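As structure tokens, the structure follows; a few thoughts come after it.
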Amino acid sequence: MALRTDCSELFLREQYFVPSKPREVMITDFNQPLPQQEYSWRISPVALRDFGSGCFTRSGRMPRSFEKKDEEEDKREGQGPALPSWQPEPEHGDLERFIRYCRTSKCPDFQAGHCELHKPMQCFHFHFEGQRRRGVLGLDGKLCYWELPCKWISQPNKCHLGERCIFAHSKGEISYHPAKYKTRLCNGGDCQKATCCFAHSEKELRSKAVARYSHGMAAERPKESKESKEQEEPKEEPKELKESDEGLSGGPRSLGASGSGATSANARSLEAVDLKTFKVFPCRKGRGVHDRKLCAFYHNPRDRRRPPACGYRPEPCPECFDSDSREGASSCSLGDDCGLCHNRLELLYHDSVFKKRFCATFPKVSSCQRGDLCAFAHHREEVRVELLKLEEEELMAEWLSVPEDSRSPEMQLRAVDFFTRRFKTLWCPYGTQHSWHECLYAHTDQDWRRRPELGYSSEPCTEWAKHVGERLPYNERCPRGLRCGFAHGSKEQLYHPSYYKTMPCTDWAATGQCPRGPQCAFYHGADEQRILREASSPSAAVAGASMGRVLSVQELEASSAARTVLAL
């Protein structure tokens, strides 16, 4: 074993053993046991700190039990999933050149004294040893290491496997790994231009990379094949059970939508995270290498969540939120007694935030690095806020795709009902960038509508109009807040049941085109015009539009709370 051959030299260099009397013989072969008859050794405090009191003997040799641990660990590493082979991707240009050679050789210009691409670092070669990458592709075309970090990533020289280690030894080896490179969009911050490891357009995204090269997906493949075999050879159920099922259901059992594999996967995902204990306790895996993102325990102060029973609110702490300090909560003057979140884990896994928005990878959730432990929803069944119904989304998709002169009267009636009752009344659960002007959900206070069932009129609120363009909390823009009987903003006025499609569109009348498209609140022709019956009061107008019961203010305040959560 590699560690066995140079362990004595390592121990002397790190001062794990300290001689209690002067040396009398010079040691030339560190592979041989240290001469106990000429030396008496004592274990140093460094050894006690790093390994514990039972790891070494006074003779200067590592106990057999400890050597066995390392042998077993090496054996476990060898029994992991086999490293995959590289599959060429000609559609992505010189992508393979970057994955093979970027930062694998030292920059000749920097060695000569000056490189123009040094600050900010945009050079194809590495300038310092910490930027160096080992070649990730071997001569046989197989990957040499996984994208998971080695436990010695901060001190790669201490890894006893050295260049043969099958885990990443630097951030560069992770970022430019085939399982990571160009799999996420660049956010524009600190972009390294030509050498940036993120994609700058949808065309650059490598959607199949995670499934082909990631350690997590490779580890799952044997399980999937085993499950598929079990599904191909189902166990025969007892005759009595079959008969009882047929008697209850009136026929043979069948899987409906709620009994599908996707639904069971969603249930598994929700059960995978216990918000009371997730990242609250330290990880005990010790020397074993594993993906920290897929671990339910914390590994450092920045990865730790305080127990939710502490009662902190889902708001960032201004003193230490996402601080680079390794002290974590201790950099906050209030410590664990602080009533605000100290890091993203505390915020995203707070009960009032958890699973209230879709994951940024949705609907291609297989590329999510956190899997079932993700704080965001991977399926509609996981979302813990109200969503538009599927039939409503399908109606709007059809409404947007069909030309105006081809829409049936029934479709127009259903669209009127949707735009007056549901449009912009729910907060957007999607985390990816999209046009919020065309989105059916609300994104800002000006974009959000109270439900018309509350009974407000289509007349504009004078208090709300005084603060147009100002970024103020909702209750500060109007002292009456949700209880106000007038429209707060253009959305509440234009899509009110007593106003929608009752006035002509001036843009359409002037040019025959409308910049608002199918979502325009004005009518484009006589077939779209709505003629309402006279109403003696605003609430009567709402009732006359068949809006159902009037909502209580408490129900609207509940939706306002959801607005605060989704705006985080």
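The values are calculated or read from the model by the stated rules, or taken from the named source; none is laboratory data. This structure is a prediction, so every number in the text was calculated from the model and none was measured. Quick reminder, even Gly has a Cβ in these numbers, built from the backbone with ideal geometry, and neighbours come from all protein chains shown. Ligands, DNA and RNA are excluded from the accessible area calculation, which covers all protein heavy atoms including side chains. Shrake-Rupley method; radii C 1.70, N 1.55, O 1.52, S 1.80 Å.
Each residue in segment 450-475 was checked for being in contact with a Gly (Cβ under 8 Å, 6 or more places away or on another chain), open to solvent by less than 50 Å² (accessible area, probe 1.4 Å) and not aromatic (Phe, Trp, Tyr), and 3 pass.
With respect to (1) on the phi > 0 side of the Ramachandran plot; (2) modelled with pLDDT under 80, the lone exception for Gly113 is condition (2). State which residue is farthest from the chain's Cα centre (by Cα) when the search covers only segment 102-133 and only residues that are open to solvent by 50 Å² or more (accessible area, probe 1.4 Å) and in contact (Cβ under 8 Å) with a residue 24 or more places away in the chain. For segment 102-133, the residue satisfying everything is Lys106. The set of residues in segment 148-157 that are open to solvent by 20 Å² or more (accessible area, probe 1.4 Å) and part of a loop (DSSP other than H, G, I, E, B) comprises Lys151, Trp152, Ile153, Ser154, Gln155. Could you please let me know if Lys203 is over 19 Å from Ser105 (Cβ atoms), open to solvent by 50 Å² or more (accessible area, probe 1.4 Å) and not in a loop (DSSP other than H, G, I, E, B)? Taking the combined requirement at face value, the residue satisfies it.
Scanning segment 432-449 for residues that are open to solvent by less than 60 Å² (accessible area, probe 1.4 Å), under 16 Å from Met396 (Cβ atoms) and among the hydrophobic types (A, V, I, L, M, F, W, C) returns Cys439, Leu440, Ala442. Listed conditions (1) at pLDDT below 90; (2) within 18 Å of Glu393 (Cα to Cα); (3) not charged (D, E, K, R) are all met by Leu454, apart from (2). Number of residues in segment 361-384 that are in a loop (DSSP other than H, G, I, E, B) and open to solvent by less than 30 Å² (accessible area, probe 1.4 Å) equals 5.
Scanning segment 182-191 for residues that are assigned to a loop (DSSP other than H, G, I, E, B), of a type in the set (D, E, K, R), under 20 Å from Leu205 (Cα atoms) and open to solvent by less than 60 Å² (accessible area, probe 1.4 Å) turns up at least one hit. With respect to the conditions (1) open to solvent by less than 20 Å² (accessible area, probe 1.4 Å); (2) at pLDDT 90 or above; (3) not in a helix (DSSP H, G or I), Asp351 falls short on a single one, namely (1). When the helices (runs of 4 or more DSSP H) confined to segment 393-496 are screened for residues that are within 16 Å of Ala521 (Cβ to Cβ) and touching a residue at least 24 places away in the same chain (Cβ under 8 Å), those reaching at least 2 such residues are found at 409-421, 490-494. Glu394 meets each of the listed conditions (1) surrounded by 14 or more Cβ atoms within 10 Å (Cβ to Cβ); (2) over 18 Å from Arg516 (Cβ atoms); (3) at pLDDT 90 or above apart from (1). Candidates in segment 476-501 are the residues that are more than 17 Å from Pro452 (Cβ to Cβ) and open to solvent by 10 Å² or more (accessible area, probe 1.4 Å); of these, the one that is nearest to the chain's Cα centre (by Cα) is Glu476.
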